[in-house]
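J.: Structure provided below as structure tokens; questions to follow.
The values are calculated or read from the model by the stated rules, or taken from the named source; none is laboratory data. A quick note: this is a predicted structure, and the numbers were derived from the prediction, not measured. Every residue, glycine among them, receives a Cβ derived from its backbone with ideal geometry; neighbour counts consider all protein chains shown. These area figures cover heavy atoms from the full protein model, side chains too; ligands, DNA and RNA do not enter into them. Shrake-Rupley method; radii C 1.70, N 1.55, O 1.52, S 1.80 Å.
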Amino acid sequence: MTEAAERAVSGADAPGQPAWELLLPAVGAPARRRGRALQEALRDAVRAGRLASGTRLPSTRELAADLGVSRGLVTEAYEQLTAEGYLRSDRGSGTWVGGAARAAVPEARDLAPRAPGVRVDFHPGTPDLSLFPRTAWGAAQRSVLARLPHPSLGYPDPRGLPELREALAAMLARRRGVVADPERLVVCSGVAQASTLLGFVLRARGLRAIGIEDPGSPEHGRLFASTGMDTVWLPLDEEGLSPGPLADSGVRAVVVTPSHQFPSGISWSAERRGALLDWARAVDGYVLEDDYDGDFRYDRAPVGALQGLDPERVVYAGSVSKSLAPGLRLGWMLVPAELLGDVVERKRTMDLGNPVLDQAVLAEFVTRGGYDRQLRHCQRAYRERRDALLAALAEHLPGTRVSGIAAGLHVIARVPGRFGPSARFVARAADAGVALRPLEEYGTARHDDGDVRLVIGYAHLSPSAIETGVRLVAEAVGA
């Protein structure tokens with residue numbers, strides 16, 4: 001095909017595959033069907049967007065020569081599709097793909113979670129994405145691109161780049177008190193992938209169920225269910241996981257959030273931490289510690305990670321989802337020696353490792369102090385927003401009791417029963433444009449005292465938005 005003709009009909013196919021090649025099977029049809037087959041191939045290419053609206057097609061002489069068919073066959077196809085509106089022909093300027101292609105090309109849908117029509121969204125779990133350090137992150141990217149050797153762009157160690165594993169191990173040992181051997185640290189796509197990796201490995205070893213905290217994150221159950229494991233709700237009290245139900249459950253693995261339990265906000269007592277580890281040793285089991293917000297402490301010293309007490313029984317997982325942005329999809333897990341080989345092999349077959357450039361940028365960001373500066377910046381902002389929420393609740397919903405306020409990115413608000421019941425309270429708030437999530441959505445436990453228990457996230461909202469949201473709720477429920 002001539003160079004000009006090839007440029008004219010190069011569509012949205014794979015690199016190196018011009019759209020005219022899609023017509024070759026058509027010209028291989030029996031002679032009596034060749035004309036119709038050519039028309040159908042052209043029509044399908046326009047409908048699918050392979051030939052986009054406005055694309056100039058080669059002349060009938062050029063295309064006929066390249067396809068090895070008569071010019072009359074191509075002319076007839078052009079005339080037919082022009083009559084149908086797929087093509088348009090301007091005298092003296094050639095044949096073009098017509099406007100019909102615009103309606104035929106589907107738009108990509110965005111299925112990211114959104115809250116349309118909501119004025120104030122108090123759902124927990126989201127940081128303030130406007131705090132992402134764009135300038136510092138961009139500087140780290142430029143530095144990495146300038147120095148990264150070409151071989152580093154090949155397939156990485158499934159565990160992650162050595163420089164990132166070393167940087168994370170040093171940071172986690174310093175900030176969270178973990179036993180952090182970089183050889184046992186696996187970089188993964190957040191805690192979600194860490195959970196599924198562990199689920200697949202444990203199931204292959206014969207485990208069929210895993211315990212999750214009640215109340216706790218329903219996402220833990222869904223993630224492990226995707227690996228074929230059943231989940232068992234295990235009740236909590238004010239000190240942590242209740243030992244009796246745990247012992248009676250028959251499970252040999254649990255997922256916990258002991259430093260700042262989600263969603264109750266409690267910090268497990270030392271006794272319950274020790275009891276959990278004793279249980280794991282007794283049943284030859286494992287604990288997945290989800291340290292989802294371990295760096296955010298406001299009114300007390302940080303509570304060290306459980307993993308530091310027994311790194312052979314605790315799988316420690318964390319991510320940058322709260323400190324930087326969930327869209328980065330970067331996290332880590334520290335794995336007991338007995339499980340490490342299986343986890344790394346599963347990671348290798350799952351995705352061959354996380355993107356090299358993203359890992360190198362995070363390593364640069366951590367080692368140059370950018371990560372610590374970001375955490376300090378976020379901590380100041382989130383403390384201010386927590387205080388704004390407490391003040392707004394005291395002013396607009398008097399009598400509300402709040403717990404879990406010393407750390408994290410959410411609180412538990414216990415609103416007096418006179419404003420309830422819970423379902424009506426949440427529905428009235430929604431009518432006012434405020435999204436709230438009741439505590440009962442996070443487990444099986446129910447309370448019969450009539451109070452409305454809410455899990456209120458605040459980190460992603462400005463102080464003024466927090467005050468507005470609480471005021472709208474108060475007006476909606478008649479406070």
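J.: In the stretch 310-324, is there at least one residue being surrounded by fewer than 20 Cβ atoms within 10 Å (Cβ to Cβ), of a type outside the set (Ser, Thr, Tyr) and in a helix (DSSP H, G or I)?
T.: no
J.: Then there is this: So which residues in the stretch 150-180 are over 22 Å from Leu375 (Cβ atoms) and in a loop (DSSP other than H, G, I, E, B)?
T.: Passing the criteria: Gly154, Tyr155, Pro156, Asp157, Pro158, Arg159.
J.: Which one of Arg175, Arg159, Arg119 is of a type in the set (Lys, Arg), more than 19 Å from the chain's Cα centre (by Cα) and at pLDDT 95 or above?
T.: On the way: Arg175 fails: at pLDDT 95 or above; Arg119 fails: at pLDDT 95 or above.
The unique qualifying residue is Arg159.
J.: Just checking, which of Gly274, Gly206, Gly221 is within 23 Å of Pro336 (Cβ to Cβ) and at pLDDT below 95? Please lay out each step first, then the result.
T.: Working: Gly274 fails: at pLDDT below 95; Gly206 fails: at pLDDT below 95.
From the options Gly274, Gly206, Gly221, the qualifying one is Gly221.
J.: If you check Ala115, Ala180, Ala108, Ala173, which single one turns out to be under 27 Å from Pro438 (Cα atoms) and open to solvent by 20 Å² or more (accessible area, probe 1.4 Å)?
T.: On the way: Ala180 fails: under 27 Å from Pro438 (Cα atoms); Ala108 fails: under 27 Å from Pro438 (Cα atoms); Ala173 fails: under 27 Å from Pro438 (Cα atoms).
Among Ala115, Ala180, Ala108, Ala173, only Ala115 is under 27 Å from Pro438 (Cα atoms) and open to solvent by 20 Å² or more (accessible area, probe 1.4 Å).
J.: How about the stretch 216-293: which helices (runs of 4 or more DSSP H) wholly inside it have at least 2 residues that are within 28 Å of the chain's Cα centre (by Cα) and surrounded by fewer than 17 Cβ atoms within 10 Å (Cβ to Cβ)? Reasoning before the result, please.
T.: Numbers: elements: 218-225, 243-249, 270-283.
Result: 218-225.
J.: Could I ask something else about it? Please count how many residues of the stretch 185-215 are open to solvent by 50 Å² or more (accessible area, probe 1.4 Å) and either in a helix (DSSP H, G or I) or touching a residue at least 24 places away in the same chain (Cβ under 8 Å) (or both).
T.: Just the residues of the stretch 185-215 that are open to solvent by 50 Å² or more (accessible area, probe 1.4 Å), to begin with: 200, 203-205, 208.
Narrowing the set further to residues that are either in a helix (DSSP H, G or I) or touching a residue at least 24 places away in the same chain (Cβ under 8 Å) (or both) leaves 200, 203-205.
Qualifying residue count for the region: 4.
Let's see how each residue does on (1) farther than 24 Å from Gly177 by Cβ; (2) out of contact with any strand residue (DSSP E or B) (no Cβ under 9 Å at 6 or more places or on another chain); (3) not polar (S, T, N, Q):
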{"position": "Val232", "(1), (2), (3)": "yes, no, yes"}
{"position": "Ser269", "(1), (2), (3)": "no, no, no"}
{"position": "Arg281", "(1), (2), (3)": "no, yes, yes"}
{"position": "Gly308", "(1), (2), (3)": "no, no, yes"}
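J.: Give me the pairs, please: first residue somewhere in the stretch 459-479 and polar (S, T, N, Q), second residue anywhere and part of a loop (DSSP other than H, G, I, E, B), beta-carbon distance under 8 Å, and either six or more positions apart or on two chains.
T.: The qualifying pairs are Thr468/Arg119.
J.: Okay, moving on. Give the stretch 294-309 a look and list any residue that's farther than 23 Å from Pro124 by Cβ and surrounded by fewer than 23 Cβ atoms within 10 Å (Cβ to Cβ), or say none. Full working, then the answer.
T.: Of all residues in the stretch 294-309, those farther than 23 Å from Pro124 by Cβ come to 301, 304, 307-309.
If the condition is that a residue be farther than 23 Å from Pro124 by Cβ and surrounded by fewer than 23 Cβ atoms within 10 Å (Cβ to Cβ), then Ala301, Gly304, Gly308, Leu309 are the ones that fit.
J.: Taking into account only those residues within the stretch 43-96 that are closer than 28 Å to Glu107 by Cβ and basic (Lys, Arg), which is nearest to the chain's Cα centre (by Cα)?
T.: Arg50
J.: May I pose another question? Please state which of the following conditions Glu440 fails to meet, knowing it meets all the rest: (1) of a type outside the set (S, T, N, Q); (2) closer than 20 Å to Asp128 by Cα; (3) modelled with pLDDT under 95.
T.: Just one mismatch for Glu440, condition (2).
J.: In addition: Have a look at Leu397, Leu375, Leu439 and point out the one that is touching a residue at least 40 places away in the same chain (Cβ under 8 Å) and in contact with a Lys or Arg (Cβ under 7 Å, 6 or more places away or on another chain). Steps first, answer last, please.
T.: On the way: Leu397 fails: in contact with a Lys or Arg (Cβ under 7 Å, 6 or more places away or on another chain); Leu375 fails: in contact with a Lys or Arg (Cβ under 7 Å, 6 or more places away or on another chain).
After applying the criteria, what remains is Leu439.
J.: Separate question: Return the only residue of Asp351, Asp431, Asp342, Asp387 being of a type outside the set (S, T, N, Q) and open to solvent by less than 60 Å² (accessible area, probe 1.4 Å). Full working, then the answer.
T.: Working: Asp431 fails: open to solvent by less than 60 Å² (accessible area, probe 1.4 Å); Asp342 fails: open to solvent by less than 60 Å² (accessible area, probe 1.4 Å); Asp387 fails: open to solvent by less than 60 Å² (accessible area, probe 1.4 Å).
None of the other options fit; the residue is Asp351.
J.: So in the stretch 138-153, with the set limited to residues that are touching a residue at least 12 places away in the same chain (Cβ under 8 Å) and open to solvent by less than 50 Å² (accessible area, probe 1.4 Å), which one is farthest from Ala194 (Cα to Cα)?
T.: Step one: list which residues in the stretch 138-153 are touching a residue at least 12 places away in the same chain (Cβ under 8 Å), which gives 140-141, 143-145, 148, 152-153.
Right, trim to open to solvent by less than 50 Å² (accessible area, probe 1.4 Å) and you get 140, 143-144, 148, 152.
Numbers: Ala140: 26, Ser143: 29, Val144: 26, Leu148: 27, Ser152: 24 Å.
Checked the stretch 138-153; the qualifying residue farthest from Ala194 (Cα to Cα) is Ser143.
J.: Further, regarding this structure: I'd like to know if the stretch 361-379 contains one or more residues that are within 18 Å of Ala465 (Cβ to Cβ), of a type outside the set (Val, Ile, Thr) and assigned to a helix (DSSP H, G or I). Outline the logic, then answer.
T.: Of the residues in the stretch 361-379, the ones within 18 Å of Ala465 (Cβ to Cβ) are 378.
If we keep only those that are of a type outside the set (Val, Ile, Thr) too, we end up with 378.
Within this subset, residues satisfying the condition of being assigned to a helix (DSSP H, G or I) are 378.
Scanning the stretch 361-379, I find at least one residue that is within 18 Å of Ala465 (Cβ to Cβ), of a type outside the set (Val, Ile, Thr) and assigned to a helix (DSSP H, G or I), so the answer is yes.
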